[in-house]
1. Just checking, how many residues over region 166-188 are surrounded by fewer than 17 Cβ atoms within 10 Å (Cβ to Cβ) and in contact (Cβ under 8 Å) with a residue 40 or more places away in the chain?
2. Does ALA202 satisfy the criteria of being in contact with an Asp or Glu (Cβ under 7 Å, 6 or more places away or on another chain) and open to solvent by 60 Å² or more (accessible area, probe 1.4 Å)?
3. Which residues, taken from region 24-56, are free of Cβ contacts under 8 Å to residues at least 40 places away in the same chain, of a type in the set (Asp, Glu) and open to solvent by 50 Å² or more (accessible area, probe 1.4 Å)?
4. Being among the hydroxyl-bearing types (Ser, Thr, Tyr) and either in contact with a Gly (Cβ under 8 Å, 6 or more places away or on another chain) or modelled with pLDDT under 95 (or both) is the filter here, so list the residues in region 12-47 that pass it.
5. Have a look at THR154, THR162, THR176 and point out the one that is β-branched (Val, Ile, Thr) and either within 23 Å of ARG259 (Cβ to Cβ) or out of contact with any strand residue (DSSP E or B) (no Cβ under 6 Å at 6 or more places or on another chain) (or both).
6. Which count do you get for residues in region 1-41 that are among the hydroxyl-bearing types (Ser, Thr, Tyr) and over 22 Å from ILE64 (Cβ atoms)?
7. Filter region 57-76 for residues that are of a type in the set (A, V, I, L, M, F, W, C), outside any loop (DSSP other than H, G, I, E, B) and in contact (Cβ under 8 Å) with a residue 60 or more places away in the chain and give the result.
8. Of these, ILE79, ILE86, which one is part of a helix (DSSP H, G or I) and in contact (Cβ under 8 Å) with a residue 12 or more places away in the chain?
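The values are calculated or read from the model by the stated rules, or taken from the named source; none is laboratory data. For clarity, every value in this text was computed on a predicted model and none was experimentally measured. As a convention, Cβ positions derive from the backbone with ideal geometry for all residues, glycine included, and neighbour counts pool all protein chains shown. Ligands, DNA and RNA are stripped out before the accessible areas are found, and what is left, the full protein with its side chains, is counted by its heavy atoms. Shrake-Rupley method; radii C 1.70, N 1.55, O 1.52, S 1.80 Å.
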Amino acid sequence: MKNIISYSSLPKFNLITPSSLKEALELLDQYKNEAQLLAGGTDLLIELRHRLIQPKVVINLKMIPELQTIRITEQELKIGAVTPIIEVLTIPIIKEEYLALYQSLADLADEILRYRATIGGNIGTSSPAADSAASLYVLDAQINISSLAKGQRTVPINQFFTGVKRNLLSSDEIITSISIPRPKKGSRSSFKKMKRSSEDLALVGVACFHNEKKTCLSYTAMAPTPLLIDITDNIVREKKELDEAKFRDIWDIITPILRPIDDIRASKKYRMHMAEMITRTILKEVLE
C-alpha cells in the first residue's frame, strides 16, 4: 500500500468565495478540472493536506444563500446542498417524517464537524460509506444539479454514485439541493451503523423504509457504491410475520448482492456478520 503523507500545511491555491450560484457556476465553467468545490470541507481539507489533490482554485460555496435553504411543501422536503447538518437536525419534520435521515445525520462524525459538514458534500464525495447515502436511498431522494452550459437536471440518488468516490457529476456541475418526497402516512424508516469510534465512518450502514406498499433496505460500506434492495414482495404482499424462517428467506436474497471487502478497518467476514445482525434488528423495528 502506498504511504500517504499528511502535511502540516495546505498546498497553494486561490480561494474564491462567490456570493451567488450564477457566479459559482461561471467560475466552475472557467476553471473546470483545475477547481475544487468547498462545501463543508471535512473531506476536502484532508485530501488537500495529504496532497491527494492540488487544485489551482478552491471555490467556497458557503456564502451562497440559495444553497443553504430548507423548503418544506406538501409534496417534498428540499434541503440546500450546503446547509450545515447541524441546522438540518433542528427541523422538527426531519425526525418526525424522515427518521432514517435524522439518525444518519445525528450519527455523522461528531457535533463539531456537524457544524461544518453538509449533505451535498457528503454525497458529492461519494464514499461507499457515506453516512447520509443509505437513508437517502430508501427515502427516494433526488439530487438537483446545475451547470452553466447544461442548466438544471435532477437525478435519482441511486443513479448518482458510479464507483468508489466517483459519481456522474461533470467538472462544471454543482449539487444545489436534495429533494425528498413526503412519506405517506404510516410510513416508517430507520438507520443503524456499526463503527469503531464516535468519529469513524461506518463499517456497515443499513437503512430501511416500510409502509403498506413498499419495503426496502439500503447498505453502505458493503459494495463500491451504496446499494438499494427492494424486498416488498417478501414483506408487504405476503404479509407474513418476520419470524426467523422469514428473515432467512429475505437474507438469502440480500446476501448475493452485498460485496464487502477486507480492509484496514474491518474484514469482509465481519462486515457480512454485522450486516446480517443489523438487518434483522432494523426490520423488526420498522415492522413492529
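1. To start, the set of residues in region 166-188 that are surrounded by fewer than 17 Cβ atoms within 10 Å (Cβ to Cβ) comprises 166, 168, 170-171, 181-182, 184-186, 188.
Applying the additional criterion that residues be in contact (Cβ under 8 Å) with a residue 40 or more places away in the chain yields 166, 171, 181-182, 188.
So the answer is 5.
2. Taking the combined requirement at face value, the residue does not satisfy it.
3. GLU34
4. Residues satisfying the conditions are TYR31, THR42.
5. THR162
6. Number satisfying all stated conditions: 4.
7. Correct list: LEU67 only.
8. Numbers: ILE79 fails: part of a helix (DSSP H, G or I).
Exactly one residue qualifies, and that residue is ILE86.
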